[in-house]
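The values are calculated or read from the model by the stated rules, or taken from the named source; none is laboratory data. Not measured: the values here are computed from a predicted model. Glycine gets a Cβ as well: all are built from the backbone with ideal geometry, and neighbour counts include every protein chain shown.
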Amino acid sequence: MTRKPFYFLMLGGTVLLLLLVFFVYLPTKGKGPSAAEGETAANFDPQAAFQQSCASCHGQDLKGTPAAPSLVGLNLSVDEVVDIITNGRKGSMGVMPPGMFNGSDAEKKALAEWVLSHR
């Protein structure tokens with residue numbers, strides 16, 4: 001008879017621990033240090049960000065792959081590229097999901113400017 005209360009106590013503790021992990025740890029997962037709004041981090045390297053977040057689909061040379069289009073010679077504005085980085089895009093080659101690069105707004109702008117410099 002004394003094992004049942006212990007069992008429920010352990011079960012309740014486990015549930016509380018899982019809830020704590022869910023509400024504390026998961027919302028911060030994937031968020032790295034970011035620059036203040038309107039400021040690019042001094043050590044931000046748009047080429048490195050591209051290689052880490054974009055090159056696997058768009059290619060190391062930005063010329064595209066069967067999975068994603070070329071980014072060379074884009075006829076888009078910086079704001080349009082930032083919008084695509086942030087919200088994703090559906091196109092003739094498929095879908096670019098949102099959130100592939102999770103930098104600050106200033107870092108997204110710097111990345112967009114770097115991509116557009118390859119015209």
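Condition (residue is assigned to a helix (DSSP H, G or I) and in contact with an Asp or Glu (Cβ under 8 Å, 6 or more places away or on another chain)) applied to region 89-104: is it met by at least one residue? Can you show your working first?
Residues of region 89-104 that are assigned to a helix (DSSP H, G or I), as a first pass: none.
Looking through region 89-104, none of the residues is assigned to a helix (DSSP H, G or I) and in contact with an Asp or Glu (Cβ under 8 Å, 6 or more places away or on another chain).
For every residue, the table says whether it meets (1) touching a Phe, Trp or Tyr at 6+ places or on another chain (Cβ under 7 Å); (2) modelled with pLDDT of 60 or more; (3) β-branched (Val, Ile, Thr); (4) under 23 Å from residue 107 (Cβ atoms).
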position	(1), (2), (3), (4)
7	no, yes, no, no
13	no, yes, no, no
16	no, yes, no, no
30	no, no, no, yes
41	no, yes, no, yes
44	no, yes, no, yes
53	yes, yes, no, yes
61	no, yes, no, yes
66	no, yes, no, no
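Collect the residues in region 81-96 that are in contact (Cβ under 8 Å) with a residue 24 or more places away in the chain and either under 12 Å from the mean Cα position of the chain (by Cα) or surrounded by 16 or more Cβ atoms within 10 Å (Cβ to Cβ) (or both), keeping them in residue-number order. Let's see the steps before the verdict.
Just the residues of region 81-96 that are in contact (Cβ under 8 Å) with a residue 24 or more places away in the chain, to begin with: 81-82, 85, 93-94, 96.
Answer for region 81-96, where residues must be in contact (Cβ under 8 Å) with a residue 24 or more places away in the chain and either under 12 Å from the mean Cα position of the chain (by Cα) or surrounded by 16 or more Cβ atoms within 10 Å (Cβ to Cβ) (or both): 81, 82, 85, 96.
Can you tell which of 44, 101 is over 12 Å from residue 115 (Cβ atoms), surrounded by 13 or more Cβ atoms within 10 Å (Cβ to Cβ) and in contact (Cβ under 8 Å) with a residue 40 or more places away in the chain? Let's see the steps before the verdict.
Details: 101 fails: over 12 Å from residue 115 (Cβ atoms).
Within the list 44, 101, the selection yields 44.
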